[in-house]
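A.B. asks: Quick one: structure below, then a few questions.
The values are calculated or read from the model by the stated rules, or taken from the named source; none is laboratory data. All of these numbers come straight from a predicted model, not from anything done at the bench. Positions of Cβ are backbone-derived with ideal geometry, glycine not excepted, and every protein chain shown enters the neighbour counts. For the accessible areas, the whole protein counts, side chains as well, though only heavy atoms, and no ligand, DNA or RNA atoms are used. Shrake-Rupley method; radii C 1.70, N 1.55, O 1.52, S 1.80 Å.
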Amino acid sequence: MPMPRWWTQINKRVFNPLELRRGERPVLTHVGRSSGTIYRTPLDAHPVDGGYVFILVYGSRSDWVRNVLAAGHARLTRDGQEIDLTAPRLVTETEAWRALGDGVKRPPSFLHIDEYLRMDLVDG
């Protein structure tokens, strides 16, 4: 896992609420896989052809990733626009960067990030 688990808890309880109040970052709305609770998670969402790629800084065991994979869908709010996403799947680093291209800054190598989530746009 790229980032320590204890940091995820600090981020979830301290920084995420601050980011939600600021309202400047994309927000992924998803449903808890056990509780059914609706969650809103601020994160970086990178548009690619036909969908979005998410760099999994905390790895695929993050609650939000597990929730999205279990539900099979989520809604992204970005720049005031709501975007329905479906077909979540983990993709390789090679596949992710092929879709992302040179316009997205790669995370520092010392973080050892090698997990990515791709989701498709829902046909409207």
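A.B. asks: Identify, from the list 53, 31, 65, 91, the residue that is touching a residue at least 12 places away in the same chain (Cβ under 8 Å) and open to solvent by 20 Å² or more (accessible area, probe 1.4 Å).
C.D. replies: Going through 53, 31, 65, 91 in turn, the sole match is 31.
A.B. asks: Quick one: how many residues across the stretch 34-50 are open to solvent by less than 70 Å² (accessible area, probe 1.4 Å) and either of a type in the set (A, V, I, L, M) or not in a loop (DSSP other than H, G, I, E, B) (or both)?
C.D. replies: 6
A.B. asks: Please find, among 80, 72, 103, the residue that is free of Cβ contacts under 8 Å to residues at least 24 places away in the same chain, of a type outside the set (Asp, Glu) and under 14 Å from residue 31 (Cα atoms).
C.D. replies: Checking each option against the conditions leaves just 72.
A.B. asks: Those residues that are among the acidic types (Asp, Glu) and within 12 Å of the chain's Cα centre (by Cα), I need them from the stretch 52-83; list them, please.
C.D. replies: Hit for the stretch 52-83 is 63, nothing else.
A.B. asks: Ok, one more. Evaluate the following for residue 117: is it in contact with a Phe, Trp or Tyr (Cβ under 7 Å, 6 or more places away or on another chain) and open to solvent by less than 70 Å² (accessible area, probe 1.4 Å)?
C.D. replies: Taking the combined requirement at face value, the residue satisfies it.
A.B. asks: Might you let me know whether the stretch 99-113 holds any residue that is part of a helix (DSSP H, G or I), under 16 Å from residue 47 (Cβ atoms) and not aromatic (Phe, Trp, Tyr)?
C.D. replies: yes
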